[in-house]
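One structure is given here, and the rest of the page talks about it.
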Amino acid sequence: MMGETEAVEIDDILDDWFIESLKSYKDLHVYQLEHPTQIIEWTSGKTVCVAGYSSGKNEILELCLPLKLLADEKKSLCAERDFKVVHGGFSEGPVCCLTHIPGTRCAVTNDGLTSDLQLWDLGADDTDVIRKTGSLPGTSVSQAGSRIAARLSSPPQVLHGPQSSSVQLTQLSTGQTLYRLEVDSTEPLSSLKFVSETTFLASCCDGTVYLADTRTSAPPQASPPPGECAPWWTDASAAPQCRVIRLSSSGQAVVSDLRNLGGALCRAQLDVQTLPRKPEDVTVAWAPALDGCFSVSGLSGLVQIYDSAGWRAEPQDASPLFQHAGHSVSSQHGDGSAPVFITTHVWHPERPRTLLSAASDGSVHVWDWVDPQTN
Amino acid sequence: MPEIKVTPLGAGQDVGRSCILVSIGGKNIMLDCGMHMGYNDDRRFPDFSYITQNGRLTDFLDCVIISHFHLDHCGALPYMSEMVGYDGPIYMTHPTKAICPILLEDFRKITVDKKGETNFFTSQMIKDCMKKVIPLNLHQTVQVDDELEIKAYYAGHVLGAAMVHIKVGSESVVYTVSVNKFALCHSGAAWIDKCRPDILISESTYATTIRDSKRCRERDFLKKVHETIERGGKVLIPVFALGRAQELCILLETFWERMNLKAPIYFSTGLTEKANHYYKLFITWTNQKIRKTFVQRNMFEFKHIKAFDRSYADNPGPMVVFATPGMLHAGQSLQIFKKWAGNDKNMVIMPGYCVQGTIGHKILNGQRKLEMEGRSTLDVKLQVEYMSFSAHADAKGIMQLIRMAEPRNMLLVHGEAAKMEFLKGKIEQEFNCYTPANGETVAVTTNPSVPVDISLNLLKREMALGGPLPDPKKPRTMHGTLIMKENLVSSEQALKELGLNEHQLRFTCRVQLQDPHSDSDTLHRIYTHLKSVLKDYTIQHLPDGTVMVESIVIKVSSSAEDANAKVLLLSWSYQDEDLGSYLSSLLKKGLPT
């Protein structure tokens with residue numbers, strides 16, 4: 001256990017970064033979970049789910065963001081800076097993927113070991129317990145975990161699968177398969193995302209992306225990898241921008257238009273460390289409310305924010321607009337143990353510069369950064 | 001079965017007015033006696049009628065223990081001791097004893113003088129109540145009486161907050177309100193490690209909280225102060241005499257040094273004297289940082305922090321001032337506030353909770369126009385910031401405490417039922433967990449161990465009788481006398497020690513038997529019969545005309561009335577009662593032909 005003198009030393013190390021943070025962040029909150037999480041999933045504008053990924057029993061927690069962060073006009077009169085656990089439950093295995101079904105109190109998880117899905121009731125006001133309500137079998141072929149995407153529909157449906165050949169759309173209440181992606185390739189998926197009510201993007205680790213429509217059984221539009229250095233990670237921005245970004249483990253970033261995936265609108269070389277990565281290590285995400293901005297974690301020990309606005313078709317070096325170094329600076333691990341790495345991060349759906357990030361030491365940060373260009 | 005009973009009178013499945021009754025080993029203890037700040041009538045007090053319906057509090061309770069000075073833990077104490085009536089001992093730590101009366105008096109003033117309530121305790125009642133208080137030192141065992149023992153440990157929650165260990169014989173209960181990780185890292189925390197109380201009682205309120213780091217709170221504070229100073233504004237920080245003020249001063253001093261800031265920081269002198277005085281008393285309760293400052297130099301010899309004079313409030317330019325009292329309800333902090341409130345460049349930072357009715361409470365509720373004495377109104381244009389620095393427990397702290405202590409049973413209080421289910425489920429993976437409501441009694445069966453020793457003589461005698469050695473699967477019954485000073489001895493030794501004469505108890509029984517043979521033949525037939533039936537027993541046919549089965553004596557004589565009948569006389573000692581009864585039933589059935 002840390003004695004108090006040790007705490008004072010770490011305080012000194014923090015001083016530099018913390019003093020700088022007075023100007024570089026509008027808000028900053030640093031939390032320590034009992035167990036690290038690989039997922040942060042919004043379940044409402046104020047709540048997120050996190051969950052453990054150890055090999056045995058794990059907790060799933062629904063946390064309410066600190067009131068002080070959310071209170072806009074009355075911010076100064078609110079002293080509440082803490083996360084509150086509003087609901088909690090137990091999973092028999094690791095939770096590697098968790099998707100909230102919009103409009104419900106239901107969530108779907110996958111343990112990263114098989115393609116089976118577990119269904120959960122996140123609980124209402126009368127209870128604080130998250131209960132498992134059932135499961136959906138995946139394809140028996142796979143020994144890998146599934147990606148999951150929820151469709152905005154009633155009754156609720158989920159798109160899921162471990163690889164491009166086994167993506168299916170399942171109705172939750174009946175377990176009925178409504179659609180299957182007709183693709184032969186057995187490439188593992190890095191992500192699944194709905195870009196409209198019926199069209200979705202299935203992105204493979206080798207860089208291939210498929211754009212498909214669940215209403216038709218016609219083969220999907222396929223776009224080959226934009227370069228070398230797999231694995232690749234992908235994100236698609238919401239309408240009206242319709243941008244798709246693909247990022248390789250060497251830091252190559254390629255932005256395309258959703259309607260013309262084969263072509264590249266612009267490219268850049270990001271400022272990252274080139275080390276071998278596992279597919280689950282990296283997260284790339286478009287900012288929901290900042291046109292052209294996207295974030296990357298898992299390639300450098302920091303969360304980096306880039307602005308692709310000035311990028312051109314010829315690749316150039318890009319520098320991050322902002323970097324969040326909080327996790328490595330305030331790491332709880334002592335010297336000699338593995339360095340801390342960021343497991344995931346998400347943007348707040350509405351607040352333009354608010355993000356949440358989680359790391360392997362169990363830390364979770366909530367931060368609202370100041371655009372350096374406005375200073 | 002021995003059991004410990006716990007009944008919350010307040011804070012069972014709700015929040016506020018903590019008051020828990022514990023019955024352990026025949027002793028009755030009240031843990032905390034708080035006020036519910038949300039009610040204005042009798043519901044604010046715990047329901048003492050649970051006890052008083054059966055008698056007086058003084059007769060029922062062996063003692064009252066108060067965990068810390070927050071009003072939801074001690075606010076009802078003067079009401080209980082002076083208005084309901086309790087004259088027994090009240091235990092609390094020294095800092096709690098010093099701070100409680102101040103908070104109780106402040107609260108009383110606001111409730112009675114400002115809100116005009118009656119049926120509330122008076123200043124004299126607070127004083128009389130505090131006279132019944134016996135202060136506790138940390139880690140010091142206090143014998144409340146011959147059997148009840150209590151000990152206080154550092155809880156790290158607020159100044160003076162303690163965890164309490166209660167012991168009667170080999171049964172024990174640990175009560176803690178809130179414990180943070182520093183308490184568990186504190187040098188005195190080793191006691192909790194595997195202390196295995198029968199019950200660990202803890203609040204669940206903070207178990208669902210995941211705390212923002214201390215450094216982020218400090219960052220926010222520094223950011224606000226810095227922004228105000230940079231635009232030429234003044235910062236007022238109203239503080240209570242102890243705790244936060246000193247830590248915030250050290251923080252500002254370090255920051256000023258680092259950023260090379262020139263604006264003055266002042267600390268009002270009344271605060272200085274009181275604080276110095278309290279710190280000398282409570283030095284063991286403060287954390288390392290403050291202790292270092294205090295020991296190395298007089299804490300108010302800061303480079304950038306000077307003593308305040310009230311004329312400085314009118315000086316132009318930026319400055320920071322720490323002043324009492326904390327809720328802006330009177331005194332210097334209120335005077336400064338009145339001067340600075342009209343300027344929107346200024347800021348007031350409230351570092352703590354404010355009681356309803358105070359100006360602090362009003363501005364924290366967003367009120368921008370205040371009615372002052374003489375019907376004048378004050379426009380509040382300055383920025384109002386509420387910052388919390390309290391070192392409460394959180395989810396991790398509580399689980400850490402439970403795993404360290406390894407209680408046989410866990411009991412959660414001070415939380416709503418619907419919000420305790422997950423925590424209860426989490427704890428139940430490793431320990432039993434109860435969540436009683438107010439007035440609901442939880443009876444926990446304990447298994448107190450009673451160590452017993454055996455005298456060597458008795459052991460030797462048993463071994464001499466031969467037979468198999470006792471083993472866990474085949475226990476061996478033996479006779480002895482237990483003297484309640486933990487020794488199992490032989491009867492002779494017991495009688496000797498107690499100075500008693502030995503009395504032997506013998507039973508005699510007559511059995512009629514139809515048998516035409518001679519007395520000695522009948523005896524022989526009895527002998528043969530018993531030998532075939534009772535193969536495991538020692539049966540002897542003695543020359544004096546008796547048959548002995550173990551120590552049971554059987555004699556035969558002819559019946560006086562009937563020539564063909566025999567009368568068997570059986571005689572046995574108390575120890576062989578079972579066998580004796582068996583034999584008499586057996587022989588009543590008659591002998592085989």
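Listed conditions (1) within 14 Å of chain A (Cβ to nearest Cβ); (2) more than 30 Å from A:Asp126 (Cα to Cα); (3) hydrophobic (A, V, I, L, M, F, W, C); (4) without any contact (Cβ under 8 Å) to a residue 60 or more places away in the chain are all met by B:Met387, apart from (4). The residue pairs whose first member lies in segment B:405-422 and is at pLDDT 85 or above, whose second member is of a type in the set (D, E, K, R) and part of a strand (DSSP E or B), and whose beta carbons are closer than 6 Å, counting only pairs six or more residues apart or on different chains, are B:Val413/B:Glu203. Among the residues that make up segment A:173-190, is at least one of them on the phi > 0 side of the Ramachandran plot, out of contact with any helix residue (DSSP H, G or I) (no Cβ under 8 Å at 6 or more places or on another chain) and more than 14 Å from chain B (Cβ to nearest Cβ)? Yes, because at least one residue in segment A:173-190 is on the phi > 0 side of the Ramachandran plot, out of contact with any helix residue (DSSP H, G or I) (no Cβ under 8 Å at 6 or more places or on another chain) and more than 14 Å from chain B (Cβ to nearest Cβ). Note on segment B:191-232: residues that are surrounded by 22 or more Cβ atoms within 10 Å (Cβ to Cβ), under 30 Å from B:Pro264 (Cα atoms) and more than 9 Å from every other protein chain (Cβ to nearest Cβ) total 3.
Those strands (runs of 3 or more DSSP E) of segment B:294-395 in which 3 or more residues are under 21 Å from B:Leu222 (Cβ atoms) occupy B:305-308, B:319-323, B:347-350, B:383-386. In the set (1) modelled with pLDDT of 85 or more; (2) within 14 Å of chain A (Cβ to nearest Cβ); (3) not in a strand (DSSP E or B), B:Ala437 fails one condition alone, (2). Could you say whether any residue in segment A:130-139 is in contact with a His (Cβ under 9 Å, 6 or more places away or on another chain) and within 14 Å of chain B (Cβ to nearest Cβ)? Yes.
The residues listed here are B:Cys100, B:Cys63, B:Cys129; of these, the one that is under 25 Å from B:His165 (Cβ atoms), buried (at least 17 other Cβ atoms within 10 Å of the Cβ) and touching a Lys or Arg at 6+ places or on another chain (Cβ under 9 Å) is B:Cys63. Among the residues of segment A:57-88, those identified as more than 9 Å from every other protein chain (Cβ to nearest Cβ) and either touching a residue at least 40 places away in the same chain (Cβ under 8 Å) or small (Gly, Ala, Ser) (or both) are A:Ile60, A:Glu62, A:Leu65, A:Leu69, A:Ala71.
For segment B:360-377, residues that are in contact with a helix residue (DSSP H, G or I) (Cβ under 9 Å, 6 or more places away or on another chain) and away from every other protein chain (no Cβ under 14 Å) total 2.
The single condition among (1) touching a helix residue (DSSP H, G or I) at 6+ places or on another chain (Cβ under 9 Å); (2) within 27 Å of B:Leu570 (Cβ to Cβ) that B:Ser490 does not meet is (2).
Would a scan of segment A:89-98 turn up a residue that is in contact with a strand residue (DSSP E or B) (Cβ under 6 Å, 6 or more places away or on another chain), crowded, with 18+ Cβ neighbours inside 10 Å, at the interface with another protein chain (Cβ under 9 Å from one of its Cβ atoms) and among the aliphatic types (A, V, I, L, M)? Scanning segment A:89-98, I find no residue that is in contact with a strand residue (DSSP E or B) (Cβ under 6 Å, 6 or more places away or on another chain), crowded, with 18+ Cβ neighbours inside 10 Å, at the interface with another protein chain (Cβ under 9 Å from one of its Cβ atoms) and among the aliphatic types (A, V, I, L, M), so the answer is no.
Taking the criterion of being in contact with a helix residue (DSSP H, G or I) (Cβ under 6 Å, 6 or more places away or on another chain) and crowded, with 21+ Cβ neighbours inside 10 Å, the residues of segment B:330-349 that qualify are B:Ile336, B:Asn346, B:Met347. With respect to the conditions (1) farther than 16 Å from B:Lys588 by Cβ; (2) at pLDDT 85 or above, B:Phe507 lacks only one, and its number is (1). Considering only residues that are of a type in the set (D, E, K, R) and more than 8 Å from every other protein chain (Cβ to nearest Cβ), look in segment A:28-56 and name the one that is surrounded by the fewest Cβ atoms within 10 Å (Cβ to Cβ). It comes out as A:Lys46. From the list B:His277, B:His304, the lone residue that is in contact with a helix residue (DSSP H, G or I) (Cβ under 8 Å, 6 or more places away or on another chain), more than 21 Å from B:Met350 (Cα to Cα), surrounded by fewer than 20 Cβ atoms within 10 Å (Cβ to Cβ) and at pLDDT below 90 is B:His304.
From the list A:Val129, A:Val141, the lone residue that is over 19 Å from the mean Cα position of the chain (by Cα), at pLDDT 90 or above and in the same structural domain as A:Thr170 (by TED's automatic domain parsing) is A:Val129. Candidates in segment B:396-424 are the residues that are in a loop (DSSP other than H, G, I, E, B) and buried (at least 21 other Cβ atoms within 10 Å of the Cβ); of these, the one that is nearest to the other protein chains (Cβ to nearest Cβ) is B:Met420.
Can you find a residue in segment A:102-111 that is among the hydrophobic types (A, V, I, L, M, F, W, C) and within 14 Å of chain B (Cβ to nearest Cβ)? The answer is no; no qualifying residue exists.
The values are calculated or read from the model by the stated rules, or taken from the named source; none is laboratory data. Please read these numbers as outputs of a predicted model, since none were measured by experiment. Note that each Cβ is placed from the backbone with ideal geometry, even for glycine, and that neighbours are counted across all protein chains shown.
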